[in-house]
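Just so it is clear, none of the values below were taken in a lab; they were calculated from the coordinates. Just so it is clear, the model here is predicted, and its values are computed rather than measured. Glycine gets a Cβ as well: all are built from the backbone with ideal geometry, and neighbour counts include every protein chain shown.
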Amino acid sequence: MGERFFIAIAKVVYMNIKTNTNFSNIKETYLFSEIGSRVRAYEAANPDAKIIRMGIGDVTLPLPEVVVKAMVKASEEMGSQETFRGYPPEYGYGFLRDKIAIHYANLGVTVDPNYVFVSDGAKSDLGNIVDILGENPIIIPDPVYPVYVDSNTMSGNKITFINGTRENGFLPLPDSLNESENEGSVIYLCSPNNPTGAVYDKEGLTNWVDFANKTGSLIIYDSAYEAFISEDNIPHTIYEIPGAYECAIEICSFSKFAGFTGVRCGWTVVPEQLKAGSVSVAALWKRRQATKFNGVSYPVQRAAEAALSDEGIKACQANIEYYKQNAKLITDLLDEKGIFYTGGKNSPYVWLKCPEGCDSWTFFDKLLNEVQVVGTPGEGFGAGGDGYFRLTAFSSREKTIEAVERFRKIL
Ligand code: PLP
């Protein structure tokens, strides 16, 4: 009997709902898909080429043993009637909130554990914080980690960019901003910065905190790369700066500190002192989280707690040291060749000026075609990134050494 074929004709039904039209204002970044397609085309034409990837912002070393053991033990507890746990507290278990407060005490500042909110990572909190804010002027550095821009665009907020440049070391200060025109702004700062690796010193951050307090503004401080800081006079937390408890939310992550990019855990500090008029900002964040978030899993929080134990910190620091040695291999070559860069010292990112006035995509193609190394064109992080290029230290030592040898031939 012959086979029978059915042709399904889909009936198109149009709904009458309205969607968030702000989404059409989000600039599509084709960055990573464009990188992917150029690399695939090169691989197809050169199947034997050994490509080295220095573009990803993801960790590569496995989790420290102390962290894995804590996660396994907690998972086993979940499999036994006596120790099983259901929903976690929406702001995080006390054991982890306390440990995070101790982490701050070790940095020399006081953070009340009741104002530490555990989450599944910094990206979620950076995106979600917009929920509790009204229509405010938004100030964002350029180039920048794209989440600040896109989440505010989704909410229809108007953004003013402040430019990171070679002249200011990619650390823009508020001196170009008129105080009366920027009353009640929301200011995003990221230090150590992604993509530039640049870090604010005490003086730079004090400028921002003073500006925020004078203008009644809020700083959202992204410290996801804090653990990479090793130089003196670089604040590890914005709360080292006098006046910061009155104007700053700090958002941090276990991703780069403890290798949790695939485990997912972070936290946000919303100090009790933070008041918008008579409204407690922490109360709004509590309400937002309790409504839309059901907490981080118990094994993950136990793993995060272990990362902050003495043994955990030591093991995490050893991994960070490994990445920083990779970064040093790259920056040593740039120093030797006299190429301008920021980052690498307190950060896994090296942000370099493309040689010979190249634009960032031309330099991308040159590296791919001539030495088979893939990095990230700076313009993917904003207009201010054109002419710059981001390399990361997250590869293995062997691959980093090999990449540096290849760079040496063409730089
Ligand atoms: N903030 C910055 C500056 C980042 O570069 C990243 C990730 O690359 C994040 C936040 C996201 O961190 P998480 O993995 O905790 O969501």
Greater than 25 Å separation of Cα atoms is the criterion. Which listed pairs, LYS123/LYS158; LYS324/LYS409; LYS69/LYS286; LYS214/LYS292; LYS69/LYS399, meet it? LYS69/LYS286; LYS214/LYS292; LYS69/LYS399
Separation of alpha-carbon centers, region 311-370 and region 205-273, rounded to whole Å: 24 Å
Kirkwood Rh, Cα Rg: Rg to Rh for the chain? 1.00
Could you check the simple spin-label distance between ILE339 and TYR30, using points 7 Å along Cα→Cβ, in nm with one decimal? 2.6 nm
Scoring the chain by relative contact order with C-alpha pairs under 8 Å, at least six apart, yields a percentage of 22 percent
In whole Hz and in residue order, list the ³J(HN,Hα) couplings for region 234-242 that follow from phi through the Karplus curve 6.51 cos²θ - 1.76 cosθ + 1.60, θ = phi - 60°; x for Gly and Pro. 9, x, 8, 8, 5, 6, 6, 8, x
Estimate the FRET efficiency between SER176 and ALA318 by the formula 1/(1 + (r/R0)^6), using the beta-carbon distance for r and 51 Å for R0, to the nearest 0.05. 0.80
Globularity ratio of region 245-362, using Cα Rg and 2.2 N^0.38 Å: 1.48
Stokes-Einstein D for region 65-310, Kirkwood Rh over Cα pairs, 20 °C, 1.002 mPa s (µm²/s): 115 µm²/s
Length gain on complete extension for the stretch ASN369 to SER155, per 0.36 nm per residue less the alpha carbon to alpha carbon distance? 73.0 nm
Per-residue ellipticity at 222 nm attributable to helices in the chain (runs of n ≥ 4 DSSP H, -39500 (n - 2.57) apiece, nearest 500 deg cm²/dmol) works out to -11000 deg cm²/dmol
Within the chain, which complete DSSP H helices have Cα atoms spanning at least 15 Å along the helix axis and a mean Kyte-Doolittle hydropathy of 0.0 or higher? 31-45, 65-78
Assuming R0 = 51 Å, can you tell me the calculated FRET efficiency for the pair ALA290 and ASN163, based on Cβ-Cβ distance, to the nearest 0.05? 0.85
Tell me whether region 71-196 comes out rounded, prolate or oblate; compute the Cα gyration tensor, take square roots of the eigenvalues as a ≥ b ≥ c, and use a/c under 1.5 as the rounded threshold. prolate
Of all DSSP beta bridges with both partners in region 96-218, the antiparallel percent, nearest 5, is 0 percent
Which distance in nm do the two modelled labels at GLU398 and ASN207 give, with both placed 7 Å along the Cα-to-Cβ direction? 4.5 nm
Given the chain, what percent of its DSSP beta bridges are antiparallel, to the nearest 5? 55 percent
In region 41-82, the trypsin sites (Lys or Arg not before Pro) that fall in loop regions by DSSP, at most 13 other Cβ within 10 Å: LYS50
Extension gain, ILE410 back to SER280 (0.36 nm per residue minus Cα-Cα distance, nm): 41.2 nm
Calculate the FRET efficiency for PHE23 and GLU183 from the Cβ-Cβ distance with a Förster distance of 30 Å, rounded to the nearest 0.05. 0.55
Region 65-310: antiparallel bridges as % of DSSP beta bridges, rounded to 5, reads 40 percent
Once normalised by the length of region 65-310, the mean sequence separation of its alpha carbon contacts under 8 Å that are 6 or more apart gives a contact order in percent of 28 percent
LYS11-ARG40 pseudo-label distance in nm [points 7 Å out on the Cα-to-Cβ vector]: 3.7 nm
